Ligand code: SF4
Ligand SMILES: [Zn+2]
Ligand SMILES: [Zn+2]
C-alpha cells in the first residue's frame, strides 16, 4: 500500500514480493504465499461459519479426481487429519477413455496423502454405465438428461456408502460457481422448492437415513481453485471433461455467469450474498415441507430413503431397463458421431477456464 492507502497492483498487499495472483473482485494483489494463505483461511472460515463438521466426526470425501475434489481432500487432510478421521469415496460412472484417467489421479492423491479410499462402480451397483445410458437417452429424450441420471445415481451411492463406511459427513467439491449457477438456474426454472434446499449443507430434511452432505468450498471461486492447485502442485485430472458434459444445461449458465464475472468482478459473490440474505424468508413452513420426514421410509429395492415404494434411482433404472429391452438397438452409438460438434461448442473446457 502507498501513503494514501491505495494498493499497488505490482506488489503483494501483504509483503514486498511481486504480485503473482490478482483477484479483481477485491481487488486483491498477492504473491503465491499470501494467495495460498488467503485461500486456506477462507476455506477454514467457511467450515466454522456454517458449522460444517465437529472434531472427531468421520469425514468421507467424494473424490472424482478433478480439481475441486482433489483440492478439497488436500485441504481437509492438511488441517483436519488430527481432529477427524478422513476417507475418500471414488465413484466410477463408466465413461470409457475419461473416467479411468480421472480415477487414477484420485487414487494417486489418496496414496500421497495416506487416505484410505473405496471405489464403487455404476456397473456393479446398477448394471448400467453412463456409456450404456447415453444412446438410450438420445434415442428417447423423454427419459431425461444423462447428467440427471448420473447425478441421481451418484447421490444414491454417496449416501449408501457414507452409511456403510459409518461417515458422519459426506464432503463434496461444490464451489462458489456451482452454487451461484444452481441459484440462477432455480430462478430461471421457477423452482422455489429446489432453491430452498440449497445450502453449504444438504437439504432441509433431517432424517437418519440421510448422511449430511457438506460443501467446504461453497465460498471459493472455481478459478482460484485452479490457481491454488497449480501453485501448490496438487495433481488432478484436467485434460478433458466428461464427454457428456455438453448435454448439461448448466454449461449455458456457467458461460453467462463467467461473462458477467469477467465484466463486473464480484457478481458471483453478490449473488451468493443475496441468496444468504434471502434464506431466512425461505424457511420451510412449520407444517409444510417438513412433513416429508414423516413419510420417508426405505426403498423396497435399495433401502435408500424415499417417499414412494421405490426411490428415484431405482425408478430410473427400471425405466432404463425397459427402454433397453424395447430398443435393443446395439448400433445406436454409431448415430452419435454427428453430436461431436456440440462437444466442441460447449464443454467445461471452453466455459470453465475463462
Ligand atoms: S458431466 Fe454429467 S454425465 Fe458426466 S460425470 Fe458429470 S453429471 Fe455425470
Ligand atoms: Zn506476499
Ligand atoms: Zn432404491
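Please report the relative contact order for region 161-304, taking Cα pairs under 8 Å with a sequence separation of at least 6, and give it as a percent rounded to a whole number.
Working: 110 pairs, mean separation 43.7, N = 144.
So the answer I get is 30 percent.
Just want to confirm a number: the relative contact order over the chain, from Cα pairs under 8 angstrom separated by 6+ residues, in percent.
Details: 485 pairs, mean separation 65.8, N = 354.
Rounded, it is 19 percent for the chain.
Could you work out which residue, out of 215, 325, 33, moves most in a Gaussian network model of the chain, that is, has the largest mean-square fluctuation with Cα springs under 10 Å?
325
Arranged by the count of other C-beta atoms within 10 angstrom, fewest first, what order do 168, 116 take?
Numbers: 168 17, 116 10.
By the 10 Å Cβ count, ascending: 116, 168.
Can you give the FRET efficiency for residue 101 and residue 277, using 1/(1 + (r/R0)^6), R0 = 45 Å, r = Cβ-Cβ distance, to the nearest 0.05? Spell out each step's value before the answer.
Values: r = 42 Å, r/R0 = 0.93.
Once rounded, the FRET efficiency stands at 0.60.
Evaluate the distance, in nm, between pseudo-label points positioned 7 Å from the Cα of residue 303 and of residue 318 along their respective Cα→Cβ axes.
According to this spin-label approximation, the distance is 2.0 nm.
Under a point spin-label approximation (7 Å from Cα along Cα-to-Cβ), what is the residue 56-residue 15 distance to one decimal in nm?
Each label point is offset 7 Å from its Cα along the Cβ direction, giving 3.8 nm.
Cut-off is 10 Å between beta-carbons; in what order do 20, 263 appear when sorted fewest neighbours first? The partial results should precede the final answer.
On the way: 20 15, 263 8.
Fewest-to-most ranking of 20, 263: 263, 20.
For region 1-151, give me the percentage of DSSP beta bridges that are antiparallel, rounded to the nearest 5 percent. Numbers along the way, then the final one.
Numbers: 4 of 15 bridges.
Roughly 25 percent of the beta bridges in region 1-151 run antiparallel, per DSSP.
How far is helix 130-139 tilted, in degrees, relative to the longest principal axis of the Cα atoms in the chain, given as a value from 0 to 90 rounded to the nearest 10?
70
Hey, fewest Cβ within 10 Å first, where do 34, 74 land in order?
Going from least to most buried by this count: 34, 74.
Counting helices only, and only those DSSP H runs with n ≥ 4, report the 222 nm mean residue ellipticity of the chain as the sum of -39,500 (n - 2.57) divided by its residues, in deg cm²/dmol to the nearest 500.
Working: 15 runs with 167 residues, N = 354.
Calculated from helices alone, the mean residue ellipticity at 222 nm is -14500 deg cm²/dmol.
Out of all DSSP beta bridges with both ends in the chain, state the antiparallel percent to the nearest 5.
Working: 7 of 24 bridges.
The antiparallel proportion sits near 30 percent.
Quickly rank 189-195, 86-92 as a protection proxy: mean count of other C-beta atoms within 10 Å, highest first.
Numbers: 189-195: 11.9, 86-92: 21.9.
Result, highest mean Cβ count within 10 Å first: 86-92, 189-195.
Please determine, in degrees from 0 to 90 and to the nearest 10, the orientation of helix 250-263 with respect to the longest principal axis defined by the Cα atoms of the chain, where the helix direction is its Cα long axis.
Between the helix axis and the principal axis of the chain, the angle is about 10 degrees.
Running a GNM on the chain with Cα contacts under 10 Å, which residue among 297, 236, 174 ends up with the highest mean-square fluctuation?
In this elastic network of the chain, the residue with the biggest mean-square fluctuation among 297, 236, 174 is 297.
Can you give the alpha-carbon Rg of region 127-219 over 2.2 N^0.38 Å, where N counts its residues?
On the way: Rg = 15.1 Å, N = 93, 2.2 N^0.38 = 12.3 Å.
Compactness ratio reported: 1.22.
Could you give the angle, 0 to 90 degrees to the nearest 10, between helix 67-80's Cα long axis and the longest principal axis of the Cα atoms of the chain?
Its long axis makes an angle of about 70 degrees.
Using only the Cα atoms of region 154-295, what are the Rg and Dmax in Å?
16.9, 50
Strictly greater than 32 Å: what percent of every Cα pair in region 42-352 meets that? Numbers along the way, then the final one.
On the way: 13431 of 48205 pairs.
Summing the P(r) tail past 32 Å for region 42-352 gives 28 percent.
Taking Cα pairs under 8 Å and at least six residues apart, what relative contact order does region 26-121 come out at, in percent? The partial results should precede the final answer.
Details: 97 pairs, mean separation 25.9, N = 96.
With pairs under 8 Å counted, the relative contact order is 27 percent.
For region 79-192, list log₁₀ I(q)/I(0) at each q in 0.17, 0.18, 0.24 Å⁻¹, using the Debye formula over Cα point scatterers of equal strength and ignoring solvent, two decimals each.
-1.06, -1.14, -1.39
Just the Cα atoms of region 175-217, one point each, no solvent: what log10 I(q)/I(0) does Debye give at q = 0.32 Å⁻¹?
-1.11
The numbers here are math on the coordinates, done by the rules we state, and not lab data. None of these values were measured; they are calculated from a predicted model. Cβ coordinates were reconstructed from backbone atoms using ideal geometry, including for glycine residues, and neighbour counts include every protein chain displayed.
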